[in-house]
Amino acid sequence: MKRLNQPANHNPGGENSQRFAGLLPAGDHGHGRAAHRILRLFASLLGAVFTACSPVGPDYRRPDTTMPERWHEAEPPPAAPSETVGADWWKAFGDPVLNRLIREAMVANLDLKQTYTRIRTAREQRIVAIANGLPIVSNKESVSRRLNNAGQSGAGGQPGGVGFGNNIDIFQLGFDVQWEIDLFGGIRRSIEAAEANLEAEVENSRAVLVTLLGDVARAYIEMRSNQHLLNVSQANLKLQLETARLMRIRYQAGLSDSLEAVQAEALAAQTQAQLPVYETARKQAMHQLELLLGKPPGALQTLLDPEQPVPSAPDRILLDLPSELLRRRPDIRLAERQLAAATAQVGVATADLYPKFNIAAFLGFQNMKITDVTALSKSWSAAGTLTTPIFNWGRIRANIDAKKAQQEQSFLAYQSAVLGALKDVENSLVAYAQEKDRRAALEQAVESNRLALKLSKERYRSGLTSFLNVLDSERAVYSAESDLVRSQASVAADLVSLYKALGGGWETALVDSGKLAGGS
């Protein structure tokens with residue numbers, strides 16, 4: 001049971017603590033007024049000390065990062081205006097279906113929604129950190145019984161007199177106040193860490209969003225490319241089946257041997273065997289899109305089944321300077337905020353080396369009979385506790401060293417994030433440029449192979465070449481057309497990777513992380 005009105009020499013702070021302000025009796029009005037003035041003066045002095053004391057531990061400074069002046073793999077600046085990388089980069093493909101998928105994914109993606117819950121969690125944790133530095137007020141209703149061996153005795157003060165050795169009941173009703181004064185900034189550092197963690201969760205949400213935008217675009221490109229490969233295969237299969245039919249007729253008419261008919265049928269069968277492969281890949285990409293949009297399988301079939309061309313991207317884009325990565329890439333911003341939080345945690349751990357000062361106060365009513373608890377039974381008390389660490393087996397120092405190691409780890413992670421971002425952009429630039437060259441060569445190859453097929457058929461009908469040349473030409477046309485479709489998809493996918501590497505997309509008003517997460 002909680003004890004009330006403890007004597008001034010009572011030390012509730014335990015080991016290594018000192019009580020320097022005791023409890024004052026409520027009935028002594030002169031002493032009460034004097035104590036009130038002393039407490040007000042002490043609070044003013046304490047406020048001055050609180051304001052003058054800067055938090056212990058290192059102050060955070062954003063790392064100075066040296067960035068390249070230009071992109072090494074970037075193409076020379078064009079003479080004509082080029083497409084710039086905007087926040088809504090997906091619109092550069094000019095595909096309304098892709099635009100719709102992106103909008104729906106930004107609203108319905110489940111992984112993105114999870115990041116918003118983590119933002120709300122971090123926001124509440126920041127409130128908890130702030131509240132730890134403020135006074136805590138709670139109502140207090142208590143009843144206690146104590147043995148009174150110090151009261152006045154009757155009959156000359158002999159044992160057994162009135163009041164000697166009797167139990168006394170005390171009823172108390174009022175408010176308790178507890179307040180830890182943040183003299184050395186441990187609480188302030190914890191608030192800094194909480195704010196940095198909140199900002200880190202916002203940046204993590206943005207990083208997830210950038211990844212989501214890229215995943216939706218790539219899955220859509222993959223779905224369209226396999227849809228187009230399926231159509232190319234079906235068109236070539238139709239021509240090959242017609243050739244096989246004619247070869248069978250010529251064989252039956254005795255104009256050719258069976259080998260030519262069998263070879264034509266074999267080529268058609270090989271092409272037909274590719275149809276299930278492309279159909280499987282198309283449907284799996286569609287299912288991936290449905291997952292990214294938070295929909296069950298089959299929900300997008302009506303939208304995506306109609307044939308559309310593979311998204312085509314602008315041939316040239318205008319890039320920002322490498323230094324813009326520090327501002328745009330959410331993973332770099334996330335690593336920087338994590339470094340800030342780790343730096344603040346060093347200060348939190350360092351504050352444990354210094355004394356802690358706590359103020360406790362009570363204001364209310366107190367009497368020995370519950371029926372006598374009236375306005376005339378006013379009672380108040382105030383106390384302060386100063387606790388200084390003396391011997392803790394090196395726990396505090398070890399914790400500080402651990403936090404410093406975590407700070408160093410966060411700094412190295414930040415450096416790694418910057419270098420990784422530069423690598424991503426350079427890799428995407430070289431892949432995009434080289435695949436465009438490959439696409440141009442394949443376009444020429446398709447035209448040449450189609451012409452070769454036409455000539456081989458004419459020469460075969462004239463008896464100037466064998467049927468094997470016709471089959472080789474048909475096979476070459478099919479292969480070149482399929483490779484061209486894949487290259488067109490690769491160019492679009494490489495451009496998506498470049499947009500993602502540059503960190504664009506999260507700036508759009510629709511997907512402002514704070515608003516979608518329920519913030520202000």
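Structure notes:
- Condition check for G298 on (1) on the phi > 0 side of the Ramachandran plot; (2) touching a residue at least 12 places away in the same chain (Cβ under 8 Å): one failure, at (2).
- Subset tally (residues that are closer than 12 Å to L495 by Cα, open to solvent by 50 Å² or more (accessible area, probe 1.4 Å) and either free of Cβ contacts under 8 Å to residues at least 40 places away in the same chain or of a type in the set (D, E) (or both)) for the stretch 425-437: 1
- Subset of the stretch 239-257 (residues that are in a helix (DSSP H, G or I) and open to solvent by less than 50 Å² (accessible area, probe 1.4 Å)): Q240, T243, A244, M247
- Matching residues, the stretch 366-384, being in contact with a helix residue (DSSP H, G or I) (Cβ under 9 Å, 6 or more places away or on another chain) and at pLDDT 70 or above: W380, A382, G384
- D320 at pLDDT below 90 and surrounded by 15 or more Cβ atoms within 10 Å (Cβ to Cβ): yes
- Hey, K457 in a helix (DSSP H, G or I), at pLDDT below 95, under 24 Å from Y220 (Cβ atoms) and in contact with a helix residue (DSSP H, G or I) (Cβ under 8 Å, 6 or more places away or on another chain) or not: no
- Lone unmet requirement of (1) in contact (Cβ under 8 Å) with a residue 12 or more places away in the chain; (2) surrounded by 14 or more Cβ atoms within 10 Å (Cβ to Cβ) for Q409: (2)
- Residues in the stretch 94-124 that are among the polar types (S, T, N, Q) and within 16 Å of the chain's Cα centre (by Cα): N109, Q114, T115, T117, T121.
- Residue within the stretch 193-216 that is surrounded by fewer than 23 Cβ atoms within 10 Å (Cβ to Cβ), among the basic types (K, R) and either modelled with pLDDT of 95 or more or assigned to a helix (DSSP H, G or I) (or both) present: no
- Residues that are open to solvent by less than 70 Å² (accessible area, probe 1.4 Å), free of Cβ contacts under 8 Å to residues at least 60 places away in the same chain and under 14 Å from E474 (Cα atoms), drawn from the stretch 261-289: A266, A268, A269
- Considering the stretch 438-470, the residues that are over 59 Å from the mean Cα position of the chain (by Cα) and polar (S, T, N, Q) include one that is farthest from S256 (Cα to Cα), namely S456.
- Condition met for A253 (modelled with pLDDT under 95 and either basic (K, R) or more than 30 Å from L502 (Cα to Cα) (or both)): yes
- Scope the stretch 301-323; condition part of a helix (DSSP H, G or I) and touching a residue at least 24 places away in the same chain (Cβ under 8 Å); matching residues: L303, L304, P322, S323
- Looking only at the stretch 92-139, and only at residues there that are of a type in the set (D, E, K, R) and within 30 Å of P314 (Cα to Cα), the one that is most open to solvent (accessible area, probe 1.4 Å): R103
- Those residues of the stretch 462-510 which are polar (S, T, N, Q), more than 20 Å from G94 (Cα to Cα), open to solvent by 10 Å² or more (accessible area, probe 1.4 Å) and in a helix (DSSP H, G or I), in sequence order: N469, S473, S479
- Every pair of residues 6+ apart whose Cβ atoms lie under 8 Å, when the first sits in the stretch 339-354 and is over 10 Å from P58 (Cα atoms) and of a type in the set (D, E, K, R) while the second is outside any helix (DSSP H, G or I) and open to solvent by 20 Å² or more (accessible area, probe 1.4 Å): D352/P389
- Of the residues screened, S258 is not one that is in contact (Cβ under 8 Å) with a residue 60 or more places away in the chain and of a type outside the set (A, V, I, L, M, F, W, C).
The values are calculated or read from the model by the stated rules, or taken from the named source; none is laboratory data. Keep in mind that what you see is a predicted model, and the values were worked out from it rather than measured. Cβ coordinates were reconstructed from backbone atoms using ideal geometry, including for glycine residues, and neighbour counts include every protein chain displayed. Calculation scope for accessible area: heavy atoms of the full protein, side chains included, ligands and nucleic acids excluded. Shrake-Rupley method; radii C 1.70, N 1.55, O 1.52, S 1.80 Å.
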